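Read the figures in this text as sums done on the coordinates, not as results from a lab. Just so we're clear, the structure is a prediction, and the values are computed from it rather than from any experiment. All Cβ positions, even for glycine, are placed from backbone atoms using ideal geometry, and neighbour counts span all protein chains on display.
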């Protein structure tokens, strides 16, 4: 099994073939701000995963799986909610201030 | 699907607990976590890219970790023919349109930004890609670059686990 190229190519073609000159020209305008947002999201996700791995290691070290697992799940849920909220807020800000490219179906 | 991979960094006073995010215009597949599939090339990378004059310890560290992902979230341009040719087709389709619009060839960064900004391949978490050795150092037949120098680009930290220090090596 491999990547689902029927889906991936359809997504690409649907978007690519419908790009107008205006879409194309606008794309370059806000690349840096979008890149900064992506990096921020990636770094936050990495911090969450790093904490998760550390908690799991401690859980195994002290043989107290239930407490650490429960705590880890709570932290993960909470972190994801914060990340989701912040991301949506930043995306909303970018889309109201600037141009937002169409998202692949 | 699980893969054990290697990550090379300068020796640091505080041991890494997670791989470093590679950022910048020169990253082959954009910002992300980059790993070597084979130990020998993680060592080669350390010797060649992590042993510059700025490295005062004259050592570098190699880490190991596990990547866990579904196969449909994976583009394997190294070992899967379908993935390779579809990947090439998309790169060239993008380049053709870019040249038409801008009258110049796109850069690596242009391609990666386009893929990310338009959320193309949004579900793809791992891309495996390769170049070939530039020297005979890891080649048993002189001038015959039969080995693939394979890397993996990960853009989803959640799939990275069991990140542990493997060994420190001296720059030679």
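Things worth noting here:
- Residue order, fewest to most surrounding Cβ atoms within 10 angstrom, among A:7, B:103: B:103, A:7
- Other protein chain C-beta atoms within 10 Å of residue C-beta, averaged over B:95-101: 2.
- Test item: B:30-39 mean partner chain Cβ contacts at 10 Å: 1
- Nearest-ten-degree value, helix B:81-102 long axis tilted from longest Cα axis of chain B: 60
- Tilt relative to chain B, helix B:39-49 - C-alpha long axis, 0 to 90 degrees, to 10: 90
- Using just its DSSP H runs of length 4 or more, each adding -39500 (n - 2.57), chain B gives a mean residue ellipticity at 222 nm of -8000 deg cm²/dmol after division by all residues.
- For the stretch B:118-164, the Rg and Dmax computed from alpha carbons only, in angstrom: 15.6, 44
- The stretch B:70-170: C-alpha gyration tensor shape, a/c 1.5 cut-off, then a/b vs b/c: oblate
- The convex hull of the Cα atoms of the stretch B:1-92, projected and averaged over all directions, covers 7.4 nm².
- Neighbour-count order for B:165, A:30, fewest beta carbons within 10 angstrom listed first: B:165, A:30
- Only Cα sites of chain B enter the Debye sum here, all with the same form factor; the resulting log10 I(q)/I(0) across q = 0.09, 0.12, 0.14 1/Å is -0.35, -0.63, -0.84, listed in q order.
- Measuring nothing but how far apart in sequence close Cα pairs (under 8 Å, 6+ apart) lie, relative to its length, chain B scores a relative contact order of 34 percent.
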